[in-house]
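Bear in mind that the values in this text are calculations on the coordinates, not laboratory data. Not measured: the values here are computed from a predicted model. Glycine gets a Cβ as well: all are built from the backbone with ideal geometry, and neighbour counts include every protein chain shown.
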Amino acid sequence: MRSELLEEMFMHGSSNQNYAVAVVTPRKDKLAQLAAKVGVQGSVEELCQNKAVRVALLSELTAFGRSNGLLGYELAKNIYL
């Protein structure tokens with residue numbers, strides 16, 4: 001599975017935690033497009049720190065994962081860019 005939104009992604013899950021976390025390197029061009037959809041502008045660093053952008057990217061990745069057959073416990077519930 002490969003999302004066009006990402007350069008790289010690392011998922012971390014632990015039996016001691018309730019959910020998995022994704023550490024993501026987004027594609028800069030796709031990040032800017034996604035940010036524009038939610039009405040946010042700024043540098044790549046600013047976009048990566050913006051909560052609305054992070055929520056939008058997590059939502060896109062969740063939809064992508066579900067459409068490719070991932071189950072709830074296999075999906076990230078938080079994201080770091």
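With runs of 4+ DSSP H residues as the only contributors, calculate the mean residue ellipticity of the chain at 222 nm using -39,500 (n - 2.57) per run, divided by the residue total and rounded to the nearest 500.
Result for the chain, helices only: -12500 deg cm²/dmol.
Could you tell me what percent of the DSSP beta bridges with both partners in the chain are antiparallel, to the nearest 5? Intermediate results must be reported in sequence, preceding the final value.
Details: 6 of 10 bridges.
Of the beta bridges lying entirely in the chain, close to 60 percent run antiparallel.
Treat every Asp and Glu Cβ in the chain as -1 and every Lys and Arg Cβ as +1, leave all other atoms uncharged, and give the resulting dipole magnitude about the Cα centre to the nearest 20 debye. Don't skip to the answer; put the middle values down first.
Numbers: 9 positive and 8 negative charges, 39 e Å.
The calculated dipole for the chain is roughly 180 debye.
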**Fill in**
Taking every alpha carbon pair in segment 3-45 and sorting the distances into 5 angstrom bins from 0 up to the bin holding the longest one, the percent per bin comes out as 5, 20, 21, 18, 15, 12, 7, 2
**Prompt:** Cα to Cα, under 16 Å, and not fewer than 8 places away if on the same chain: which lysines meet these conditions relative to Lys37?
**Reply:** Lys28, Lys51
**Prompt:** If the cut-off is a Cα-Cα distance under 17 Å, which aspartates and glutamates reach Lys30, setting aside same-chain residues fewer than 8 apart in sequence?
**Reply:** Glu4, Glu7, Glu8, Glu45, Glu46, Glu60
**Request:** Normalising by the residue count of the chain, find the relative contact order in percent from Cα pairs under 8 Å and 6+ residues apart.
**Result:** 35
**Request:** With Rg and Dmax of the Cα atoms in Å in mind, check [x] 20.5, 65; [y] 12.5, 37; [z] 19.0, 60 and report the label derived from this structure.
**Result:** [y]
